[in-house]
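Chemist: Sharing a structure with you now.
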Amino acid sequence: MSAVLPSSASLYDRVRRVIPPIEWPLFVEDIDAIQELKRQRNAVILAHNYQTPEIFHCVADIVGDSLALARKAMTVDAEIIVLAGVHFMAETAKLLNPDKTVLIPDLGAGCSLAESITAEDVRLMRQRYPSVPVVTYVNTSAAVKAESDICCTSGNALAVVKSLGAPRVIMLPDEYLAKNIAAQTKVEIIAWKGRCEVHERFTAADIRELREAHPGISVLAHPECPPEVVAEADFAGSTAAMSDYVARHRPARVVLMTECSMSDNVAVEHPEVDFVRPCNLCPHMKRITLANIRTALEENRHVVTIDPHVAERARWAVERMLFV
Ligand code: 13P
Ligand code: SF4
């Protein structure tokens, strides 16, 4: 324990269950520098639930799922927003804060879903299914959002689909999210073929093995998982919904079928819950580090910009979702 410096002791207390004492000194200097830079530059850090605990618990001002980050981005009272997450999240924050500077610490922090579809693909879908409304997952570029009627996240997808009152909707680009929503509504869902490279790797056999190894375990899955995984889970929901489930039910033992850092971040709040941790890393989320958050604030990079013609139409689709 002598490795923990006195100035950081209270912060370390919070994360001691998920960050070994030997690793903590590697983080302290960057954490102190980032806290000071936030004050100097009037900046806030928005961090997604998949960020590592030293970011999520030690430098972030606002944390949450994609929906919460979008909602809270609108209430930010600061000149600069640093988005500790992936590029589409930074674009969404910029759409909702056109007059603020939004920074993403690593431009390579992408998303396999966002990569799976282009604006031209959406235009072709509209030609193929005229007058069918297009619901677009926020895990897409601003250019794709601009071609859409409304956005959704995993946290509100069912409500968004129902809000349209249409017998058929096109739901892009996550095939599994679309199928998981289709299982909960009579609305006919026309899907795309995008996949999350992290969640598509979970299988129903994984769940059966977990239940055998840990009788009584609660299995929570993200709706980007294949439908057969969601069908065998005890609960499926967004990252925030999974976190709320653990807080409400306090299962003795739980597994979150999702990105690895999620369990660490929730475990910090719930020492009484035993987290079994087979998980898959998101290489895009993991591009964000304390070091590049610090550099982003020191050097004002990388500034997120969106073509104003695209931004206007994309903002409409995002804002419409926030009113559902
Ligand atoms: P949430 O909206 O549930 O936080 O999910 C975002 C994401 O990228 C999941 O892979
Ligand atoms: Fe995209 Fe999947 Fe990573 Fe989420 S976990 S950012 S959906 S690749």
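The values are calculated or read from the model by the stated rules, or taken from the named source; none is laboratory data. Given the structure is predicted, the values throughout are model-derived calculations rather than measurements. Counting neighbours? That spans all protein chains shown, and the Cβs are built from the backbone with ideal geometry, glycine included. Side chains included, ligands, DNA and RNA excluded: accessible areas come from the protein's heavy atoms. Shrake-Rupley method; radii C 1.70, N 1.55, O 1.52, S 1.80 Å.
Chemist: Scan the stretch 175-233 for residues that are closer than 24 Å to ALA252 by Cβ, under 18 Å from the mean Cα position of the chain (by Cα) and touching a residue at least 60 places away in the same chain (Cβ under 8 Å) and jot them down.
Modeler: Within the stretch 175-233, PHE202, HIS222 qualify.
Chemist: Select from the stretch 191-246 the residues that are farther than 16 Å from SER154 by Cα, within 16 Å of ligand 1 (Cβ to nearest atom), among the hydrophobic types (A, V, I, L, M, F, W, C) and part of a helix (DSSP H, G or I) and list them in ascending order.
Modeler: Correct list: VAL246 only.
Chemist: Give all pairs with beta carbons closer than 7 Å in which a residue from the stretch 307-321 that is under 13 Å from TYR137 (Cβ atoms) meets a residue that is in a helix (DSSP H, G or I) and of a type in the set (Asp, Glu); count only pairs at least 6 apart in sequence or on separate chains.
Modeler: none
Chemist: When the stretch 265-324 is examined, which residues are found to be open to solvent by 60 Å² or more (accessible area, probe 1.4 Å) and of a type in the set (A, V, I, L, M, F, W, C)?
Modeler: Selection gives LEU281, VAL303, TRP316, PHE323, VAL324.
Chemist: Additional query: Does the stretch 92-122 hold any residues that are charged (D, E, K, R) and over 11 Å from ALA73 (Cβ atoms), and which are they?
Modeler: Once the filter is applied, which keeps residues that are charged (D, E, K, R) and over 11 Å from ALA73 (Cβ atoms), the stretch 92-122 yields ASP99, ASP106, GLU115, GLU120, ASP121.
Chemist: Within the stretch 93-105, is even one residue of a type in the set (Asp, Glu), touching a residue at least 12 places away in the same chain (Cβ under 8 Å) and out of contact with any Asp or Glu (no Cβ under 8 Å at 6 or more places or on another chain)?
Modeler: No, because not a single residue in the stretch 93-105 is of a type in the set (Asp, Glu), touching a residue at least 12 places away in the same chain (Cβ under 8 Å) and out of contact with any Asp or Glu (no Cβ under 8 Å at 6 or more places or on another chain).
Chemist: Restricting the search to the stretch 141-173, which residues are part of a helix (DSSP H, G or I), under 22 Å from HIS222 (Cβ atoms) and of a type in the set (A, V, I, L, M)?
Modeler: VAL144, ALA157, LEU158, ALA159, VAL160, VAL161
Chemist: Would you check which residues across the stretch 40-56 are more than 14 Å from ligand 1 (Cβ to nearest atom) and open to solvent by 20 Å² or more (accessible area, probe 1.4 Å) and list them?
Modeler: Matches in the stretch 40-56: GLN40, ARG41, ASN42, VAL44, THR52, GLU54.
Chemist: Pull out all pairs, ordered by first then second residue, where Cβ-Cβ is under 9 Å, the residues are six or more apart or on different chains, the first lies in the stretch 54-69 and is farther than 16 Å from ARG14 by Cα and without any contact (Cβ under 8 Å) to a residue 24 or more places away in the chain, and the second is within 16 Å of ligand 1 (Cβ to nearest atom) and part of a helix (DSSP H, G or I).
Modeler: Filtered contacts from the stretch 54-69: ILE62/ALA68; ILE62/LEU69; ILE62/LYS72; ILE62/ALA73.
Chemist: Please go through the stretch 117-131 and pick out each residue that is in contact (Cβ under 8 Å) with a residue 12 or more places away in the chain, farther than 16 Å from VAL310 by Cα and among the basic types (Lys, Arg).
Modeler: ARG126
Chemist: Taking PRO223 as meeting all but one of (1) open to solvent by 40 Å² or more (accessible area, probe 1.4 Å); (2) over 15 Å from PRO278 (Cα atoms); (3) touching a strand residue (DSSP E or B) at 6+ places or on another chain (Cβ under 9 Å), write down the number of the exception.
Modeler: Exception for PRO223: condition (1).
Chemist: Within the stretch 46-69, how many residues turn out to be in a loop (DSSP other than H, G, I, E, B), within 15 Å of ligand 2 (Cβ to nearest atom) and over 18 Å from PHE323 (Cα atoms)?
Modeler: Looking only at that region, the number is 4.
Chemist: Another question, then. Suppose we filter the stretch 100-140 for residues that are away from ligand 1 (no atom under 16 Å from the Cβ), in a strand (DSSP E or B) and either out of contact with any His (no Cβ under 9 Å at 6 or more places or on another chain) or open to solvent by 40 Å² or more (accessible area, probe 1.4 Å) (or both); how many remain?
Modeler: Count: 3.
Chemist: A further question on this structure: So, ARG277, is that one in contact with a His (Cβ under 9 Å, 6 or more places away or on another chain), touching a residue at least 12 places away in the same chain (Cβ under 8 Å), away from ligand 1 (no atom under 16 Å from the Cβ) and closer than 15 Å to LEU210 by Cβ or not?
Modeler: No; evaluated as a whole, the condition is false for this residue.
Chemist: Where the second residue is of a type in the set (Ser, Thr, Tyr) and in a strand (DSSP E or B) and the first is in contact (Cβ under 8 Å) with a residue 40 or more places away in the chain and crowded, with 22+ Cβ neighbours inside 10 Å and lies in the stretch 246-264, which pairs have Cβ atoms under 8 Å and are six or more apart or on separate chains?
Modeler: Cβ pairs passing all conditions: VAL255/SER218.
Chemist: Additional query: Which one of these is in contact (Cβ under 8 Å) with a residue 24 or more places away in the chain, more than 16 Å from ligand 2 (Cβ to nearest atom) and over 17 Å from ARG168 (Cβ atoms): ALA114, ALA109, ALA143?
Modeler: ALA143
Chemist: Right, another one. Counting only residues that are in a helix (DSSP H, G or I), within 16 Å of ligand 2 (Cβ to nearest atom) and either at pLDDT 95 or above or out of contact with any Ser or Thr (no Cβ under 9 Å at 6 or more places or on another chain) (or both), how many does the stretch 70-90 have?
Modeler: Going through the stretch 70-90 one residue at a time, the tally reaches 4.
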